[in-house]
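Read through the structure below, which is laid out as structure tokens, and then see the notes.
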Amino acid sequence: MGIVGLVTFLTRIGGCRGVNILDEIQKCDKKEPLIVIDLLKVICSLSGPMDEQIYGCRNQFAWTYATQFCDRMIEAGARLVFFIDGKLQEGKYKHWIQRQEKVYAECLKKLENIPAEFRGNNRGNIQGNVVKHAFIAALVAAARKKGVLITTYDVECDRELAAFARKHDALAIITGDSDFLIYEGNFRLWSTSDLNLELMRTVEWNREELRKALKLEWTHMPFFAAVAGNDHFKNRPSGVCTFYNVAQKVREMNLRYGYTRISIELYDKIFRKRDENFKISFEEAVKLYDTDYTVRKPVVPSEMRHYPNYAVCIIRGIPGSIRLPCLDLREAEYSQIALQIYRRQVGVLFRHRPVVFGQLLTSPVFIKPNHYDTYKIIATTPITPPLAVKVPLAEQLYSLDPQVSKSLQEVKYRLLTWLVSDTLTFEEVCHINPKYLLDVFTLYFLVERNLLDITTADIILVTIDDCIKNLIPRQIPLQRPRKPNVTTSFVYTNFYAMMYFNAETAGMRQELDTTFLCKFDGVYFNLIVDHLRFDRTLLASKLESIASYRVYAKLANRGVVKTEVGEGYGGGMVPPITVQPTIKAEPDWDVKPKLYGEPPRKISRWN
């Protein structure tokens with residue numbers, strides 16, 4: 001995001017050059033040179049080949065990709081600090097909603113064009129981070145383990161990141177946002193859009209070359225960006241068509257940040273119109289590049305900064321978001337089903353909140369209620385756990401003290417079980433290996449809500465088992481996808497993300513950073529699903545060792561929900577198979593998580 005077309009302009013004037021990141025780190029004369037990373041911008045380069053995305057990605061490789069990226073820079077001598085948005089700033093609500101609506105429309109177009117979209121150089125390519133929760137979660141976990149992760153709440157993430165890089169004399173910022181071309185500082189800019197992970201090469205953006213080409217001083221640059229149009233303000237004056245024209249206008253009017261007061265008269269002089277609301281937006285667009293700001297009252301107090309961001313937003317009344325990428329909201333009430341999960345999460349975090357007579361407790365959240373409605377903020381009411389479900393105080397639930405966490409282990413698992421369903425008990429799942437647990441919870445939830453049939457749930461469980469046992473090869477030829485199977489992949493990965501947020505709510509940070517990272521391989525699922533669906537003998541044999549994990553099988557007693565062939569999520573109605581389980585008596589919590597699906601050390605260039 002940022003200023004549209006500015007990187008293209010910079011390339012045209014010769015302001016970009018190729019660099020090897022590891023060489024630049026090693027050449028730096030600083031001890032442990034600081035690299036500051038815009039986390040969400042780097043995800044596209046860390047989420048595998050583009051043509052795997054239409055299948056729902058190969059999520060089990062996320063941790064390896066993330067750690068290889070970090071380790072190679074650390075081994076070269078760098079110190080890493082990652083930044084991620086904690087909240088959407090109010091001034092960007094309208095722009096965010098427009099972007100999400102565009103993403104939704106583009107994803108539906110991709111799905112409707114299967115298998116036509118499978119042809120060509122960009123087959124299966126879904127742009128952006130819409131399907132990549134697993135990769136974001138893995139990079140967040142890697143950032144916490146191998147560097148420092150800073151979540152921003154009080155100001156725009158870009159602004160806080162630039163201020164940090166300037167204050168701490170960073171060697172470089174790794175980002176894909178052209179706004180950083182406007183910030184003053186000694187740091188260099190390395191592009192995520194051109195990142196080659198095998199060679200660790202990218203393109204460096206030269207801010208000084210840009211400034212000189214425009215014949216501007218650094219104090220001019222914030223006004224240049226705002227007049228040209230950034231995320232906060234897009235209303236370029238008539239007749240000002242090129243960046244050279246914008247720069248000329250800024251020079252002629254001598255618009256300098258810190259010296260020029262933005263009044264309604266000045267706005268009228270620049271844009272030939274008087275509009276107080278536009279003037280305020282323009283002022284915010286200029287202020288975005290001020291790195292010498294002061295936060296008087298932090299949105300999140302210091303004692304809560306280590307809480308998971310998902311919980312912080314609910315506790316502090318910050319609007320979160322429920323997004324279900326690549327799901328057609330005409331096919332099922334996905335949004336309403338996801339909303340019920342969110343209301344339970346709110347119920348957990350509001351459990352100890354005092355009730356004020358006449359005042360309704362609610363939590364704001366962005367959601368697209370259905371296919372025909374746009375994203376909007378709604379006030380949700382909590383679904384409170386029954387008294388039999390113990391809910392610790394937030395400071396206990398999210399305590400970093402290992403002793404406190406250990407003492408609450410069973411309490412957290414019981415709480416997580418309730419967040420999934422009222423019809424599932426802790427005693428039914430306590431024997432399950434934790435590496436499978438979140439997958440089992442996801443399958444149970446989807447079967448109970450009639451979003452998956454039991455046979456398809458069994459096949460997904462088999463893919464998870466094969467992944468954990470390292471039976472899935474890294475190189476799998478891409479088979480032409482079928483739309484019902486692709487829809488199943490996205491149903492599963494979207495609701496797995498909701499289960500991951502359940503685990504965040506329940507305070508299971510250690511499991512989230514290791515055991516609970518998503519393992520679903522969409523490419524492998526598409527390869528085997530149609531064969532296993534009708535080879536019942538083979539499916540039964542593959543399920544034997546994990547038969548006791550099929551806790552969703554009890555839901556077959558409710559009757560089979562018919563799904564027409566080629567239209568539903570299982571690709572046809574197939575009666576569930578019967579597998580005799582062997583149930584272990586004791587909880588299997590002490591099983592040490594291992595890395596699953598290790599790919600080769602080298603990663604090829606994907607973009």
For this session: For a quick protection proxy, order the peptides 334-344, 368-378 by their average other-Cβ count within 10 Å, most packed first.
Result: 334-344, 368-378
Seminar exercise, completed: Given pairs K41/K406; K87/K269; K94/K273; K145/K406 and cut-off 29 Å on Cα-Cα distance, the over-length ones are K41/K406; K87/K269
For this session: Apply the Karplus parameterisation 6.51 cos²θ - 1.76 cosθ + 1.60, with θ equal to phi minus 60°, to every residue of region 380-385 and state each ³J(HN,Hα) to the nearest whole Hz, in sequence, with x for glycine and proline.
Result: 9, 9, x, 9, 8, x
For this session: For region 152-159, just list the computed ³J(HN,Hα) in residue order, Karplus coefficients 6.51, -1.76 and 1.60, θ = phi - 60°, integers in Hz, with x standing in for Gly and Pro.
Result: 9, 10, 7, 9, 3, 4, 4, 5
Exercise. How much length is gained if the chain between K31 and R474 is pulled fully straight, taking 0.36 nm per residue apart and subtracting their Cα-Cα distance, in nm to one decimal?
Worked result: 155.7 nm
Exercise. Can you list residues whose amide H is under 5 Å from T380's amide H, if they're 5+ apart or on another chain and H is modeled 1.01 Å from N?
Worked result: S363, V365
Seminar exercise, completed: To the nearest 10 degrees, the tilt of helix 93-112 (Cα long axis) against the first principal axis of the alpha carbons of the chain is 50
Seminar exercise, completed: Partner lysines whose C-alpha sits under 20 Å from that of K215, ignoring same-chain residues fewer than 8 away, are K249
Exercise. Measuring from centroid to centroid over Cα atoms, what is the spacing of region 399-439 and region 370-384 in Å?
Worked result: 28
For this session: Might you report the magnitude of the Cβ-based charge dipole of the chain about its Cα centre, with Lys and Arg at +1 and Asp and Glu at -1, to the nearest 20 debye?
Result: 880
Problem set entry | Stokes-Einstein D in µm²/s, Kirkwood radius over Cα pairs - region 300-454 at 4 °C with 1.567 mPa s viscosity | 75
Problem set entry | Karplus (6.51, -1.76, 1.60) ³J(HN,Hα), θ = phi - 60°, over region 368-375, in Hz, Gly and Pro reported as x | 9, x, 7, 4, 8, 8, 8, 4
Exercise. Taking a probe of 1.4 Å, how large is the accessible area per residue of region 220-338, in Å²?
Worked result: 50
For this session: Measure off 7 Å from each Cα along the Cα-to-Cβ vector at K406 and N113, then give the distance between these two points in nanometres to one decimal.
Result: 5.6
Seminar exercise, completed: Pseudo-spin-label distance K376 to E209, built 7 Å along Cα→Cβ, given in nm, is 4.8
Problem set entry | Segment K94-R296, length gained on full extension (0.36 nm per residue, minus Cα span) | 70.1 nm
For this session: Provide the per residue accessible area, probe 1.4 Å, for region 54-109, rounded to a whole number of square angstrom.
Result: 37
Seminar exercise, completed: Those trypsin sites (Lys or Arg not before Pro) from region 1-75 that are DSSP loop and have at most 11 other Cβ neighbours within 10 Å turn out to be K31
Seminar exercise, completed: Note on region 291-368: alpha-carbon gyration tensor, axes a ≥ b ≥ c; rule is a/c under 1.5 for rounded, else prolate if a/b larger than b/c, else oblate; result oblate
Exercise. Amide H to amide H under 5 Å from S321: which residues, 5+ apart in sequence or cross-chain, H placed 1.01 Å off N in plane?
Worked result: F366
For this session: Sum up the charges of everything whose Cβ sits under 12 Å from the Cβ of T242, counting Lys and Arg as +1 and Asp and Glu as -1, but leave T242 out.
Result: +3
Problem set entry | Scaled radius of gyration (Cα, divided by 2.2 N^0.38 Å) that the chain gives | 1.01
Seminar exercise, completed: Given 267-277, 179-189, the highest-first ranking by average Cβ count within 10 Å works out to 179-189, 267-277
Exercise. In percent, how large is the relative contact order of region 157-196, given Cα pairs closer than 8 Å and 6 or more residues apart?
Worked result: 41
For this session: Order the peptides 98-108, 398-408, 511-521 from the highest to the lowest mean number of other Cβ atoms within 10 Å of their residues.
Result: 511-521, 98-108, 398-408
Problem set entry | Helix-derived mean residue ellipticity, 222 nm - over the chain, DSSP H n ≥ 4, -39500 (n - 2.57), to 500 | -12500 deg cm²/dmol
For this session: In whole angstrom, note down how far apart the Cα centers of region 10-65 and region 515-529 are.
Result: 25
Seminar exercise, completed: Per the charge dipole of the chain (beta-carbon charges, Lys/Arg positive, Asp/Glu negative, Cα centre), the residue among Y65, W205, V140 reaching farthest to the positive end is W205
For this session: Give me the number: length gained by fully extending C241 to E544, i.e. 0.36 nm times residue separation minus the C-alpha to C-alpha distance, one decimal in nm.
Result: 102.3 nm
Exercise. At a 1.4 Å probe radius, carbon and sulfur cover how many percent of the accessible area of the chain?
Worked result: 49
Seminar exercise, completed: The set of residues whose placed amide H lies less than 5 Å from the amide H of I150, leaving out same-chain residues fewer than 5 positions away, is F82, F83, I84
Problem set entry | Approximate spin-label separation K554-E331, in nm, with each point projected 7 Å along Cα-to-Cβ | 2.9
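The values are calculated or read from the model by the stated rules, or taken from the named source; none is laboratory data. Just so it is clear, the structure is predicted and the values come from calculations on it, not from any experiment. Ideal geometry is used to build each Cβ from the backbone, glycine not excepted, and the neighbour counts take in all protein chains shown. The accessibility values were calculated without ligands, DNA or RNA, using every heavy atom of the protein model including side chains. Shrake-Rupley method; radii C 1.70, N 1.55, O 1.52, S 1.80 Å.
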